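One structure is given below, encoded as structure tokens.
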Amino acid sequence: MSLRLRQAVAGRPSRESKQCLDIVKHDDQVYIAYTSSSNVVLVSPELVLSDTLDFWSALPPRAASSSNQRVQGVRCVDGLIIAWSGIHVVAWQRAIRGKRRWDVSSTLVAGAPVTTLDLHKGALVLGTLSGIECWHMNESDAIVIWDRIWARNSRTPTYLTIAPNTGHLAWYRDGDRSVHILPLNGKAEPIGVPQELKHPREISHIMWRRTQTDSDDSHLYTITECSVFRIYSPVLDDPSWFQLLLTIDSQSFAAPAPKAGGKGKMPRPSSKGVVWPLDAHVLWSAVLHDLDNITSTDNASTVSELLESLAGDESDVVAWIGDDGDIAFRSIMNMDRKPPTLLKTLALSRLKIDPSVSRRLAPGSRLLLNPKNASLLAVTQPDSGDDNQCLKLTLPDILASRSPGIIPGHVSRTAHQLSDPISHFVRTPNGRGLLAVSRENEVAVWYADRLDKPLKSCAQSEVLLGRGIWTTSDAPIAMAIFAKGRAIVTYSRSEGKPTIVLQHLDEGRSLPSDAVTFPDFDLTDDDEIQMLLAVSDIDDGYSARGRRTQKAYIMAASRQGHAWVWKVDSRLAGSAPTSPEATTLVFPDLHTSRPTISAPPDIARLSRFVLPVSGNLAHVLPVDPMGWHQSVVDWKANVPLQDMILTISKDGTLEFWRPALGHHFDHEHLRARFTTSKSDLEGELSDDEKVPGHTHEAWSRTGSVRTGICDPIMARCSSRKKTVIIREKSEVEHEMTIWDSNTSEFSTGLELTHCFLPGEKVQDLDWTTTSDLQSVLAVGFEFKVVLVCEQRMSYDGTSAGWAPFMQIDMTSYSSIPISDSIWLAEGSLAVGAGNQIYLFSRFLDRDTPAPTPAASLRRAETGPAPVSTAKLGEESDEPEDLFQLIAYENGPLWDYHPTMLSQCLLWNKIDLVKRILLNLLENLKHAEILNSRRLRYKRLEPSEFLHTHKAVVRQDAKATVGKYEGLFDTTPTPAVSDGIETSHDEFDSRAVNDLIDRLDGPVRIPLNKTEKVLLGTVARAVLEVDRQRRALDICGLRYLLAVRMFVNHARSTSGTSTPMPNGRHSAPSRITSILGMNGLSAMVKPRRSLLSFRNVVWAMHSESQDMLLSAATETCDNGKMLWEDASSLGVFCWLKSTEIVKAQLEVVARNRFMSDDDRDPTTCSLIFFALGKRKVVHGLWRQAPGHREQSMMLKFLANDFDLERWRTAAVKNAYALLSKQRYEYAAAFFMLAGQPKDATNIILRHLDDWQLAFALAHAVEGSTDGPIVKSILHDVVLPRAFQGGHRWLASWGFWVLGRRDLSVRVLISPIEDVASSAPSLDRSLIVGDPANDDPSLLLLFQHLKSKSLQTAKGTNEIPEKTEFDFVLHNARVFFRLGCHPLGLDLLHSWSFDRPFFPVSRTQSQIQSSNAKLPLHSSEGTLAAPQRPGMSLRVPAARARRTSFMLNHSGREASMVMDMDMQTLTEGGSGQSSRMPSPPPRPEANGETGAGALGLEIGKATSSSNGPEQVSDPDISGDGGGSREGIAPVSDSVEQDKPKKIGNLMKELQADVQQGAQEFNMDNFF
């Protein structure tokens, strides 16, 4: 699959010799071959580019590097294409296989530079600077070998040709009046001496007559400069001697002849003109075709008689073309009769055509019969600077003397073709104008029109329309275009002086107007302009018909950081010109053809500024202004709407800059500042210099990104501020990185790092933006262009951020290396190769890539190709163009996509999921009723995802009921179900089975096979969980959903792959490293795929673990849980009760023993010994009679291992087993010896299964507080979590260790900060790349932050800005996942409230005193903590909280008292950076949002006067406590001892008196 080629602009024909154009035939196809630069170009009769043959790529690299000249000529004979340049000759033949249509047949090196050549029947004759050489090859040989058979010294021939019968060789030299003819024998060897045919005037053209029949006669046509036509032929008695048979001059065409269909005589022709002999063999074929298809007209009989006469006598036709457009035709009869004296001529017709058309005809023009429509075409040889053109000849009209007989057949509207290879492209801001600069200072401009039209409607019209072409005297260093491609800005150094000029292309003129120099521009000799950007109002966004450019801004920046801004104002006609420059049309509309005259534009410099960049600059680039219908500048307010410049320092720092366009900075009193040093430019303005209401910086920095990439060699920035950087990793290897400008502590901005294969060097880069604001990157290599787009993120994090999705292989179109590629409007891509331009539309070509441009364009005539082999209903669901394909890769997901549904389930939107599934089922049924094969599904409105979808979820006695409405809601919902319109009874097993059956039905759903399986998995899981949701809390519900999807998908795919809870496939390598699944399961059978550890954490926080354990057991084969099942489900990581852990371990060990027929007790001894059940193992050995160790183990286990002697024996046996690498059995003997620490060490070191070690340590020590458990967590789990950036695993580890504050902090805080503030760890942690792209972390954070005093303490140690950044970061993650409504819901419903817990009265008084102190920063100025997008007010003392009895609807869940209050008030971690924010008071303030995002930020109230009753406690643990920006309390403040917690009713009384912990009535039930 590739983009469809829309148009190919071939290179301009070159005229280096007389043989610059020829006709090549192969099978039923005909091509026009001509030379262009260093290529041979093949075009169809319609002048559509077919193929390009690179001359120098066919030669060895040494020859190509030593001489890279233009191709001087081409000759096509016998299916071969032969071209030459210098001493080198290359022959191509039709390719048998492969992508290319033409392969190199052979090459040879002549003895001197070649000037002309001809080939016939294996004989190749070369005309060189030293004479004539003849080479011969054997056509039947598989490998062509050229042998030189003879050479003759003579004057350099200009043109030579071999007779059709290979009996004679004729040549002449420019300026000579003689033609030389050399007789040849059958082996192409010379016979005798050449015959000289003298003429009275200089020779201009010679040719041999070619007929349809293989005749031995040779007739030579010669034409002199005076346009006299002569025919020579051998005499009868001497075949080697030629004599003159016939002479025709201009007077011969004046002979009277009757007019066909009329009376009178023909007028005399013009005395000035040329003679054109028509090719006899082509003309005869055209005559036969017209005889069969002649229509009846008034003079049809006369025309028919003339055609029959021409066909019967095989007459030749000669035309006289006058300069005034008169054309006279005469026939030469009896050419094949003997004796030659019977020749006679007959006047045929005369007609009048346009002189501009007739002047293109010349003696060398070739006739061509188009095999497609049998039309007769005259291919004209171009003069210097002209393009090829075909004239259509209609023989019946010519013979009837009707003027339409000769008309232009196919004229390229492109009109402008380059002669030299392209150096680079430049486009207008909206991509409608294209400028190409060649390596020889040739400049061409095109306007792109109708790029968005369907291919079928404009397949025959070209979209690149030529504006102008010219050659500059000075090499342009930088260029920019605007005003639809008519205004050109050029920076060059004219005679060493740097100048920037503006030129304009008038309507109908290909040369630009006189240059207007930009004022106030100066540049030092050691500096150079690297960036030139022009934006205008007509190029910004839509450009309506009839509009004219009113103003434009031109920006330039140098490599030393100097930046200029000019304003260009268009002056209407009648305005007084400011300079005596020539007046021309300034910036007209494309469709305006009236010769309006106006003065030159006004150009004024707005500013000159030195950008205060960080470090030395490596690149200065424009921020791509081409968006999708996006304005770059607010033209009414003169305010830029996006950044304009990107600077990249040598150390890899990206800085974005935006100019001020609304006013001039070049005031007289400021001019000195803008022309002095950088330090002066960065100085402050004095009060009298400041202009009220204006920003006093010409350029402002809007952002920066530190990439750490030193010395980048190439970079580009998109309109969405995505930056791609290329650096040389080695001499043969390039590395590409893509960076986002939105950075935070959770995102460095790096989105992709890719190293290309050695030898793949990136040549060019360019960005475009799709209609839904997706960025697309084109990476150009030598022979291909790779398109890269942003990929939709998968929830398991296994998908790359960016990936190539399409490749354009230019070897299918040309063998010339790519010089540059650039995006144009509407998703079109222009690729420059040599001096040619290939324009690809955004529409997809799903067939095999077209082997030639002509084939691709022919398919365009019938519209877009089918997207599949079968016709799919009335419309196809497959993407038809580039934009649709990218939207499929990275756009919003359908509501019923399994990823969207899985995320909704995670966020407790089960009823919404059921509604979506039922709607999908209804739409599938409706499509089947209508016999439609395309699903028409209407997306839910985004507001539907914000609405409350309540459900009756009965949790246990200590859990709240229906706590949240949206993603987050501080107000719990009533325990009723009234928010969903669809009845729950409708979502039953019948509906689910019906839906799953229809997924593979006749109605096409835009999901692949895997996604359909996942969708069915989600539907089954929702059905199964919905039956138990009333008995589960929200944490247990999430785990159960994940387990059911886990099992259902494993069954659907026969265990080949298991999805994560989001419906995506898991990453076994990543999760295995987390769970450490290499223990018992490795010794049994291949282990199952694993649940994500996030689900394990949800199960740990659930209060319904009995039900979860039952559900987990049901997922196992035959309901028997083995160790691999328990490990994959993380059972022993989330079970809290030690008794249940022991009981479940015993179940696992028993099932393991019973799972094999051999009943090996060694497989379960480790667990039983850890449980202290030696007798059980002893009994199992009695049931293993066939085991070779039975007797020995029975005897050994009969001893009393409470004695030291037998424990020592068990240890010795353990070491013996270690030496035999029986690690599991060795660990079992350590357990038997009462050394569980050694046993767990073996499991960790040799089995690499920390889950097994943790479970056994938990069972042995009876709790998770034992030293072995803590050692496992400290030394294995947490280091592995931090090194891998696994936040879920780290949170679980801290929670089990009892550090619940760190368990909360590690969820959203920078993981480096948590690692540095974990004092319980004995060693420093290696911190890896953290997993920040997980919105579920916010779910767990919201669930835990108010769960206990420790979690509240940890929550308040997280800075508000960190929480704010993490929320925004994961909202972007939702967008990357394709779940845009959920991202909107996150921004809409997230609350930044902080938990509240009780403190003593004395502490409240201290905080009250602190609140009264002024806020001071380190500089002594007033300061307050800042949050993005708002200003935070200083939290003052809060009024007493309302009792739970007075405000029950707003209360929160009870808080677990897991900290000593005395420790909280007198000591603590000392890590708090600020005071906790009080919860919102809905009755006091009805605002629920902040800024445009609608975020509930947890506002703090302040009071300027009045007594403060209760203030927030200081939880920093530093005794006195100090917050950032708050002065510490004086030591003189008396601190009373904190009040200890009493019974529940006393605390209730304290709650009424002051703001203390909230009482939960549910605790009584």
*Got a sec? Which of 349, 331, 358, 365 is modelled with pLDDT of 85 or more and within 19 Å of residue 408 (Cα to Cα)?*
365
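Residue-by-condition table, conditions (1) touching a helix residue (DSSP H, G or I) at 6+ places or on another chain (Cβ under 7 Å); (2) open to solvent by less than 20 Å² (accessible area, probe 1.4 Å):
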{"residue": "709", "(1), (2)": "no, yes"}
{"residue": "764", "(1), (2)": "no, yes"}
{"residue": "773", "(1), (2)": "no, no"}
{"residue": "777", "(1), (2)": "no, yes"}
{"residue": "784", "(1), (2)": "yes, no"}
*Given the structure, is residue 22 more than 38 Å from the chain's Cα centre (by Cα) and either of a type in the set (Val, Ile, Thr) or open to solvent by less than 30 Å² (accessible area, probe 1.4 Å) (or both)?*
yes
*Does residue 108 satisfy being open to solvent by less than 10 Å² (accessible area, probe 1.4 Å), touching a Leu at 6+ places or on another chain (Cβ under 9 Å) and either under 30 Å from residue 783 (Cα atoms) or not in a loop (DSSP other than H, G, I, E, B) (or both)?*
no
*Collect the residues in the stretch 488-511 that are among the charged types (D, E, K, R) and not in a loop (DSSP other than H, G, I, E, B), keeping them in residue-number order.*
493, 497
*List every residue pair whose Cβ atoms sit under 7 Å apart, with the two residues 6 or more apart in sequence or on different chains, where the first one lies in the stretch 1110-1135 and is aromatic (Phe, Trp, Tyr) and the second, anywhere, is part of a loop (DSSP other than H, G, I, E, B).*
1123/1079
*Please identify the pairs in which a residue from the stretch 542-559 that is more than 27 Å from residue 522 (Cα to Cα) and modelled with pLDDT under 95 has its Cβ atom under 6 Å from the Cβ atom of a residue that is assigned to a strand (DSSP E or B) and among the hydrophobic types (A, V, I, L, M, F, W, C), counting only partners at least 6 apart or on another chain.*
none
*Check 700, 747 and return the single one that is small (Gly, Ala, Ser), modelled with pLDDT of 90 or more and open to solvent by 20 Å² or more (accessible area, probe 1.4 Å).*
700
*Among the residues of the stretch 1227-1245, is any part of a loop (DSSP other than H, G, I, E, B) and surrounded by 19 or more Cβ atoms within 10 Å (Cβ to Cβ)?*
yes
_Looking at 1297, 1273, 1325, can you tell me which residue is surrounded by fewer than 21 Cβ atoms within 10 Å (Cβ to Cβ), touching a residue at least 24 places away in the same chain (Cβ under 8 Å), within 28 Å of residue 1356 (Cα to Cα) and among the hydrophobic types (A, V, I, L, M, F, W, C)?_
1325
_Residue list for the stretch 124-153, filter: open to solvent by less than 40 Å² (accessible area, probe 1.4 Å), small (Gly, Ala, Ser) and on the phi < 0 side of the Ramachandran plot_ = 127
_helices (runs of 4 or more DSSP H) (entirely within the stretch 1274-1384) containing at least 3 residues that are under 28 Å from residue 902 (Cβ atoms)_ = 1278-1284, 1287-1297, 1300-1308, 1336-1344, 1360-1377
*Please go through the stretch 787-819 and pick out each residue that is open to solvent by 20 Å² or more (accessible area, probe 1.4 Å) and either more than 14 Å from residue 2 (Cβ to Cβ) or modelled with pLDDT of 95 or more (or both).*
791, 792, 793, 797, 798, 799, 800, 803, 815, 817, 819
*Find the residue count for the stretch 25-37, including only residues that are out of contact with any strand residue (DSSP E or B) (no Cβ under 7 Å at 6 or more places or on another chain) and either in a loop (DSSP other than H, G, I, E, B) or open to solvent by 10 Å² or more (accessible area, probe 1.4 Å) (or both).*
5
*Given 1027, 1094, 1038, 1044, which one is at pLDDT 65 or above, more than 28 Å from residue 1162 (Cα to Cα) and surrounded by fewer than 18 Cβ atoms within 10 Å (Cβ to Cβ)?*
1027
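The values are calculated or read from the model by the stated rules, or taken from the named source; none is laboratory data. Please read all numbers here as calculations on a predicted model, not as lab measurements. With ideal geometry, Cβ positions are generated from the backbone for all residues, glycine too; neighbour counts draw on all protein chains shown. All accessible areas refer to the heavy atoms of the entire protein, side chains included, with ligands and DNA or RNA removed. Shrake-Rupley method; radii C 1.70, N 1.55, O 1.52, S 1.80 Å.
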